[in-house]
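Colleague: Would you mind keeping the following structure in view while I ask a few things?
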Amino acid sequence: MSIKTYRPTTPARRQMTVSGFDGVDKHAKPEKSLTEVLKKKSGRNSYGRITVRHKGGGNRQKYRVIDFKRNKLEMEGEVVRLEYDPNRSAFIALIKYEDGELRYILAPVGLKAGDKVVSSAAADIKPGNALPLANIPVGTVIHNIELYPGKGAQLVRSAGVAAQLMAKENGMELDAVQAEEMYARLHPVTQELSDDELDNVTGGDSCDVGYSCPKCGSTEASSREPLYGCTYVTCACCGATYWDPTSTKTQN
């Protein structure tokens, strides 16, 4: 996944980066049958009083219903498109099954429009397929993991994260009934979830690299000195002096 950078038109823009949204359909509207109303709370309790400040406003959003159970067994589905989901960091994929049913799933790295996915004990080890734990080779990178059979995935669902199957105890030998009960519908089977470069994206402020110079935006300092209980920094780029609120140095 690529990262988009901006021209330093302002000090904040200098440090800002966003996802390139490669492979995501930027003009697609969400599937109406798979969306629900997401009512805003505006930080208010049941009495209508603000209990959490700085909430409210923003764009109107709808919740996308995601198939975390992957219980459409032994039926192949085709990836219609990848979409952006405002409710989570990972991208989602719209799947159309052979019977015409549409579902959203989490989009792993490597999944693209036109690919085929299936939930089956005999499925291939490739992105988008869901298998029982007993049928996944040791060392495979997986995500969308259930804690309880049939409850739906609760682990490894954010962008850029992944789990690796390290070992199987007692041989994982299950009969047909046990295999049905222990069917841990692990979403796919290679690599991590989509938008794996999310950790490299920074906001407009330079909070993760230190306080930047308000004049030129640089984070490099030629000197730091405590003065009147504060730390004043001299910028190595333009020579401006400013106060660094993120520094822990204080006057003794």
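The values are calculated or read from the model by the stated rules, or taken from the named source; none is laboratory data. Quantities reported herein were computed from a predicted structural model and do not represent experimental measurements. Don't worry about glycine lacking a Cβ; one is built from the backbone with ideal geometry, like all the others, and counts go over all protein chains shown.
Colleague: Any idea which of ASP124, ASP85 is closer than 19 Å to GLN154 by Cα and among the acidic types (Asp, Glu)?
Modeller: Just a single option satisfies the conditions, and that option is ASP85.
Colleague: Which residues, taken from segment 104-124, are over 15 Å from GLU76 (Cβ atoms) and in a strand (DSSP E or B)?
Modeller: Of everything in segment 104-124, those that are over 15 Å from GLU76 (Cβ atoms) and in a strand (DSSP E or B) turn out to be TYR104, LEU106, PRO108.
Colleague: Could you figure out which of (1) surrounded by 15 or more Cβ atoms within 10 Å (Cβ to Cβ); (2) outside any loop (DSSP other than H, G, I, E, B); (3) modelled with pLDDT of 55 or more isn't true of ASP195?
Modeller: Tallying (1) surrounded by 15 or more Cβ atoms within 10 Å (Cβ to Cβ); (2) outside any loop (DSSP other than H, G, I, E, B); (3) modelled with pLDDT of 55 or more, ASP195 fails exactly one: (2).
Colleague: Consider LYS96 against the criteria (1) out of contact with any Lys or Arg (no Cβ under 7 Å at 6 or more places or on another chain); (2) in contact (Cβ under 8 Å) with a residue 12 or more places away in the chain; (3) under 23 Å from VAL18 (Cβ atoms): it satisfies all of them except one. Which criterion is unmet?
Modeller: Unmet for LYS96, out of (1) out of contact with any Lys or Arg (no Cβ under 7 Å at 6 or more places or on another chain); (2) in contact (Cβ under 8 Å) with a residue 12 or more places away in the chain; (3) under 23 Å from VAL18 (Cβ atoms): (3).
Colleague: Condition first: surrounded by 11 or more Cβ atoms within 10 Å (Cβ to Cβ) and assigned to a helix (DSSP H, G or I). Can you find one or more residues in segment 50-68 that meet it? Quick ask: steps written out before the conclusion?
Modeller: First, the residues of segment 50-68 that are surrounded by 11 or more Cβ atoms within 10 Å (Cβ to Cβ): 50-52, 55-56, 61-68.
Now restrict to residues that are assigned to a helix (DSSP H, G or I): none.
For segment 50-68, residues surrounded by 11 or more Cβ atoms within 10 Å (Cβ to Cβ) and assigned to a helix (DSSP H, G or I): absent.
Colleague: When the residues of segment 125-135 are filtered to those that are part of a loop (DSSP other than H, G, I, E, B) and at pLDDT 90 or above, which remaining residue is nearest to TYR104 (Cα to Cα)?
Modeller: The qualifying residue nearest to TYR104 (Cα to Cα) is GLY128.
Colleague: In segment 63-89, what count of residues is obtained for those that are closer than 15 Å to LEU106 by Cβ and acidic (Asp, Glu)?
Modeller: 3
Colleague: Could you list, in sequence order, all residues of segment 7-40 that are more than 22 Å from the chain's Cα centre (by Cα), closer than 22 Å to GLY58 by Cβ and not charged (D, E, K, R)?
Modeller: Listed by number, the list holds a single entry, ALA12.
Colleague: Select from segment 147-178 the residues that are outside any loop (DSSP other than H, G, I, E, B) and at positive phi and write down the one among them that is modelled with the lowest pLDDT.
Modeller: MET172
Colleague: Here's something else I'd like to know. Go through segment 23-49 residue by residue and tally those that are exposed (fewer than 10 other Cβ atoms within 10 Å of the Cβ) and either assigned to a helix (DSSP H, G or I) or hydrophobic (A, V, I, L, M, F, W, C) (or both).
Modeller: Matching residues across segment 23-49 total 3.
A quick yes/no check of all residues on (1) at pLDDT below 95; (2) out of contact with any Cys (no Cβ under 6 Å at 6 or more places or on another chain); (3) over 22 Å from GLN154 (Cβ atoms):
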{"position": "LYS26", "(1), (2), (3)": "yes, yes, yes"}
{"position": "LEU38", "(1), (2), (3)": "yes, yes, no"}
{"position": "GLY56", "(1), (2), (3)": "yes, yes, yes"}
{"position": "GLN61", "(1), (2), (3)": "yes, yes, yes"}
{"position": "ILE66", "(1), (2), (3)": "no, yes, no"}
{"position": "ASN71", "(1), (2), (3)": "yes, yes, no"}
